[in-house]
Each structure stands twice: as structure tokens, then as C-alpha cells.
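Q: I have a structure I would like to understand better, so I am pasting it below and will then ask my questions one at a time.
The values are calculated or read from the model by the stated rules, or taken from the named source; none is laboratory data. Remember, it's a predicted structure, so these values are computed and weren't measured experimentally. We place every Cβ from the backbone using ideal geometry, glycine too, and count neighbours over all the protein chains shown. The protein model used for the area step is the full one, side chains on, heavy atoms only, and it has no ligands, DNA or RNA in it. Shrake-Rupley method; radii C 1.70, N 1.55, O 1.52, S 1.80 Å.
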Amino acid sequence: MTNFSKLLYGQQSAYGTIVTLKDPAVVEMLGYTGYDFAIIDMEHTTMDFSLVEHMIRAAKCVHVSSVVRTPQNDYGAMLRVLDAGADAIMVPHLTTKEQAERTVGTAKYRPIGFRGLDGSSRSAQYGTTPFLEHIERQNKQVTVIGMIEDAIAISNINEIVRVAGLDLLFIGPADLASSLGYQEQFDHPVVMEAIEEIIKVTRHAGLGIGIPAFTPEEVDKYTRWGANFFTIPPIDALLLSHVLASQLKGVKTNLIVDR
């Protein structure tokens, strides 16, 4: 079990961010500044597998857990990033028990799942780890995360959380709000009620539960509801854009005042 998994199952909180900037240095920065995990995003970016592998290496160097968000329902991508050494996979738009079962099956070797065998992969230290040891270690250490971001997923949440081998759910508030009919109204009472219910059901089932947070106040609120896995800031590029805009605005404001 990775340090990341120990945090979650020890009822402790873990902090990270979604990495969309195409540079392993971003992952290194997360480690040096004390974060627990990096979500390397293949869903909304043009990252290729070679770059993702370098980011996984960077995470290992700074003792950060590498989570790869794969494209939706791309089971081939799940296998490839796990063979490259990712600590966890994150699957977007998880909506059914059957989808969760197939995801777990892709991530785990028999007898748990049906992951394809390759003893020469990076995750097997290129064949230097005894094969049975590799299988046992991967089945124990790989973390499987599903994203809940659709109204239909809420209807199926009680079945989803009972899928053996699923470790954690992560709420996508933007898509969830849109799916519920409240586009860009992330704090609408109906959306908040749905989020609170997802957290409650997931924690009751013994799984970890995560959500993006923009402020310490949001972390505090979601922690009280039961969440223990946070992306704060939610996305690296979003943070950089906001900081740059704030810096430029400050400079221009000072220039106007000085005149």
C-alpha cells in the first residue's frame, strides 16, 4: 500500500492538484512544497504517454503519489499508465456499477481482476522484480479512483460504492452542476445537497472521497462533511493564470496611482 493509500484508509486528508501544464517540473514542485499527490491529466490535455511517464518518474523522485486521469472509458490507457508505474488511475464520468467493475478489473491482476500480464514493464522494474511479487504488489498498491460528475451516477451511487477494489470517488462539481441543470452554479443548494449526499454515502461505504477546493474555508466545509482528498488549487494552469492576472492588475493600478 502506498503512502497515499495509507492516508486515505487511515482517515487522514491528502492534498494535491490537477497537473495540466506539460512539464514534469510542476510535479517536482508539488513534492518540494509538501503535497501528497499529483493528478496528471490526460482527459483535458494533449499529453502523450512519454510525457506522462516522465511525470510519473518525477513524482517518484519527490515522494508524491502519481494519479493519472485517463480519457473517459479508455481501458487501454489505464493499462499503459499503470505499466508505466502510476500509483493510481482516475476515471472520468463513472456512472454505473458495471463501469466500476471493468475499471477495477483493468487495474488489478487475477484473481482480483483481469489486467494483462507484462513482467518487463516499468512497474515491474523492467523484469528485475520476481513476477509473482510484482503481481501481488500491484494488486495491493494500485489505487482506483472514479469521478462522480453526472446525475445518473448519483442514482447509482449505492451500487457503485459496493464494487470491490474501488478505493476512492472524486466529485467533479462543474460537470455535476451542469448535469443537474445548474450550469456554472456550483454553489446552488441542489448541487450542494447532491455533493453532501455523495460524500455521506461514499464515506459510509468506507471509501475515500475527494473534491476540488478553492479556499481553506471550502476544505474545512467539505472535511466536516467527510471528504478527505482535495485538489487545492484545483488546477495548476488556473492558479497560474489567476496569479499572473493579479500581478499585472497590481502593477497597472500602481502606475495609474503614481501618475
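Q: Measuring with a 1.4 Å probe in the full set of protein chains, what accessible area per residue, in whole Å², belongs to the range 103-259? Provide the component values of the computation, followed by the final result.
A: Working: 8270 Å² over 157 residues.
That works out to 53 Å² per residue.
Q: What distance in nm lies between label points placed 7 Å from Cα along the C-beta direction at Glu193 and His54?
A: 4.9
Q: To the nearest 10 degrees, how steeply does helix 131-141 sit against the main Cα axis of the chain, on a 0 to 90 scale?
A: The two axes meet at around 40 degrees.
Q: Would you mind computing, in nm to one decimal, how far apart the modelled labels at Lys200 and Ser246 are, each placed 7 Å from Cα along Cα→Cβ?
A: My value for the distance between the label points is 3.5 nm.
Q: Once R0 is set to 41 Å, what does the formula 1/(1 + (r/R0)^6) return for the Cβ-Cβ distance between His63 and Ile152, expressed as a FRET efficiency to the nearest 0.05? Walk me through the intermediate numbers first.
A: Working: r = 38 Å, r/R0 = 0.92.
According to the calculation, E is roughly 0.60.
Q: Then there's this: Computed over the Cα atoms, what is the radius of gyration of the range 125-259 divided by 2.2 N^0.38 Å, N being its residue count?
A: Scaled against compact globular proteins, the figure is 1.43.
Q: Given the DSSP H assignment, sum -39500 (n - 2.57) over each helix run of at least 4 residues in the chain and divide by its residue total; what's the result at 222 nm in deg cm²/dmol, nearest 500? Numbers along the way, then the final one.
A: On the way: 12 runs with 125 residues, N = 259.
Counting only the DSSP helices, I get -14500 deg cm²/dmol.
Q: Separate question: Over the range 11-102, with the other protein chains present, what is the accessible area per residue in square angstrom, probe 1.4 angstrom?
A: 42
Q: When only C-alpha pairs under 8 Å and at least 6 residues apart count, what is the relative contact order of the chain, in percent? Spell out each step's value before the answer.
A: Working: 466 pairs, mean separation 46.4, N = 259.
Relative contact order of the chain: 18 percent.
Q: For the pair Gln183 and Ser120, what calculated FRET efficiency results from E = 1/(1 + (r/R0)^6), where r is the Cβ-Cβ distance and R0 = 51 Å, to the nearest 0.05? It would help to have the intermediate numbers written out before the result.
A: On the way: r = 47 Å, r/R0 = 0.93.
Working from the Cβ atoms, E equals 0.60.
Q: Kindly give Rg over Rh for the range 32-165, based on alpha-carbon atoms, with the Kirkwood expression for the hydrodynamic radius. Provide the component values of the computation, followed by the final result.
A: On the way: Rg = 14.8 Å, Rh = 15.2 Å.
Ratio of gyration radius to Kirkwood radius: 0.97.
Q: Hey, what angle do you get for helix 216-225 against the long axis of the chain, alpha-carbon based, 0 to 90 degrees rounded to 10?
A: The angle comes out at about 50 degrees.
Q: Hey, what do the phi angles of the range 231-248 turn into as Karplus ³J(HN,Hα) couplings, whole Hz, using 6.51/-1.76/1.60 and θ = phi - 60°, x for Gly and Pro?
A: Running phi through 6.51 cos²θ - 1.76 cosθ + 1.60 with θ = phi - 60° gives 9, 9, x, x, 9, 4, 5, 5, 4, 4, 4, 5, 5, 4, 4, 5, 5, 5 Hz.
Q: Give me the percent of accessible area attributable to carbon and sulfur for the range 13-164, probe 1.4 angstrom. Kindly include the intermediate steps, with their values, before the conclusion.
A: Working: 3440 of 6580 Å².
Roughly 52 percent, rounded to a whole number.
Q: Another question about this same structure. Apply the Debye scattering formula to the chain, with a single equal point scatterer on each alpha-carbon and no solvent, then give log10 I(q)/I(0) at q = 0.11, 0.12, 0.13, 0.15 Å⁻¹.
A: Values, matching the q order: -0.59, -0.70, -0.81, -1.07.
Q: Using alpha carbons only, how many degrees (0 to 90, rounded to 10) separate the axis of helix 49-61 from the longest principal axis of the chain?
A: The helix 49-61 is inclined about 90 degrees to the chain.
Q: If packing is taken as the average count of other Cβ atoms within 10 Å, what order do 45-53, 249-257 fall into, highest mean first? Numbers along the way, then the final one.
A: Details: 45-53: 15.3, 249-257: 9.3.
Those peptides, ordered most packed to least, come out 45-53, 249-257.
Q: Return the carbon/sulfur percentage of the accessible area of the range 210-259, one whole number, probe 1.4 Å, all protein chains in place.
A: Details: 2100 of 3260 Å².
Carbon plus sulfur share of accessible area: 65 percent.
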